Amino acid sequence: SILLKYSSTARTKIISAQEKIISPSDFGFHNMLVHEDNLSFIDFEYAGWDDPAKLWCDFACQPEVPISKEQWECFITNFSNWLPSYRSVRDRSINLLSLYRLKWCCIMLNEFTDDGFASRLHTRKDYKTHLGQQLDKTITYFNNYLERV
């Protein structure tokens, strides 16, 4: 549990400016284009200075285009040469991964909020079917990643 791994002081500590990176926030294969062996990231709507552990966890957790553990390890290892606090960020991201997966379950369930309903109501003729599919997708995601936590 996170409460056991980190003291209350550590849980409330703000990471230093030197530890932060510019993060696109919604990072993942779902927001990339491939053109002639080049990858381009296309979504910077929520970009800003952030904890690299958040970027790493969100990349690992994004449900639309899941990645393997090996892909995640390859991705974060590429930070090791230039991120001074690589080891502590790596440990923090591993410790926080389950919490981020739970966050993604909540994101997937946003469809059931008043705002989610209002934003989707006019875009889908089969909204009730969509809600059932979204619930099934969330349950499957939970069962795949969090059932044993």
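The values are calculated or read from the model by the stated rules, or taken from the named source; none is laboratory data. Here the structure is a predicted model, which is why all the values come from computation and not from measurement. FYI the Cβ positions are ideal-geometry reconstructions off the backbone, even for glycines, and counts take in every protein chain you see. Note: areas computed on protein heavy atoms with side chains; ligands, DNA, RNA excluded. Shrake-Rupley method; radii C 1.70, N 1.55, O 1.52, S 1.80 Å.
Remarks
- In summary, Cys105 fulfils each of the numbered conditions (1) crowded, with 17+ Cβ neighbours inside 10 Å; (2) farther than 21 Å from Ile2 by Cβ; (3) of a type outside the set (Phe, Trp, Tyr) with the single exception of condition (2).
- Cβ-Cβ contacts under 8 Å between residues 6 or more apart (or on different chains), taken from a first residue in the range 37-65 that is closer than 29 Å to Asn143 by Cβ and open to solvent by 90 Å² or more (accessible area, probe 1.4 Å) to a second residue that is modelled with pLDDT of 90 or more and part of a loop (DSSP other than H, G, I, E, B), are absent.
- Residue ID - nearest to Leu55 (Cα to Cα), chosen from residues in the range 111-144 that are open to solvent by 80 Å² or more (accessible area, probe 1.4 Å), in a helix (DSSP H, G or I) and at pLDDT below 95: Asn144
- Of the candidates Cys106, Cys74, the single residue that is within 21 Å of Glu147 (Cβ to Cβ), of a type outside the set (S, T, N, Q) and either at pLDDT 90 or above or part of a loop (DSSP other than H, G, I, E, B) (or both) is Cys106.
- Residue that is nearest to Asp43 (Cα to Cα), among those in the range 12-27 that are of a type in the set (Gly, Ala, Ser) and open to solvent by 30 Å² or more (accessible area, probe 1.4 Å): Ala17
- Residue match in the range 80-93 (condition: under 21 Å from Asp26 (Cβ atoms) and in a loop (DSSP other than H, G, I, E, B)): yes
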